[in-house]
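As structure tokens, the structure follows; a few thoughts come after it.
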Amino acid sequence: MALRNFSIRNFASSVFLILLIFALVYLAIGVGFHFKWKSALAACRETQIARGEFVEPEVFGNALGLAFDVTFWPVYTRANISLDGTPFATPCTH
């Protein structure tokens, strides 16, 4: 009886809604990662300046950097944890 009311349109809209929710959560985590990493990097730069060390210039500090961080945050997180033991690795954590 339940198959009578089954519709491809209802199924497709349900799948689309699930994918939309997944994409929004993914992007929200990416934006949070971007701002947390930027604050950790700013604190590290201040520490390096206070010690009189060389501070690398920010290359991707504009919208392109935001796009990279929001899109590739799982890759960055995994690499940072593997290499430095923290998801927000900076030159100060090496």
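Tell me the residue from V31, V25, V15, V75 that is surrounded by 10 or more Cβ atoms within 10 Å (Cβ to Cβ) and in contact with a helix residue (DSSP H, G or I) (Cβ under 7 Å, 6 or more places away or on another chain), please. Steps first, please.
On the way: V25 fails: in contact with a helix residue (DSSP H, G or I) (Cβ under 7 Å, 6 or more places away or on another chain); V15 fails: in contact with a helix residue (DSSP H, G or I) (Cβ under 7 Å, 6 or more places away or on another chain); V75 fails: in contact with a helix residue (DSSP H, G or I) (Cβ under 7 Å, 6 or more places away or on another chain).
When all the criteria are applied, what remains is V31.
Taking the listed residues E46, E58, E53, the one that is surrounded by fewer than 14 Cβ atoms within 10 Å (Cβ to Cβ), acidic (D, E) and more than 21 Å from P87 (Cα to Cα) is E53, with no other qualifying. Residues of segment 42-57 being outside any helix (DSSP H, G or I) and in contact with a helix residue (DSSP H, G or I) (Cβ under 8 Å, 6 or more places away or on another chain), which ones? Listed by number, the residues that qualify are F54, V55, E56. I29 passes every criterion in (1) without any contact (Cβ under 8 Å) to a residue 12 or more places away in the chain; (2) at negative phi apart from (1). Considering segment 73-94, and only residues there that are of a type in the set (A, V, I, L, M, F, W, C) and without any contact (Cβ under 8 Å) to a residue 40 or more places away in the chain, the residue that is farthest from V25 (Cα to Cα) turns out to be L83.
Read the figures in this text as sums done on the coordinates, not as results from a lab. Since the structure is predicted, the reported quantities are computational estimates derived from the model, not experimental observations. Heads up, the Cβs are rebuilt from the backbone with ideal geometry, glycines too, and the neighbour counts pull from every protein chain shown.
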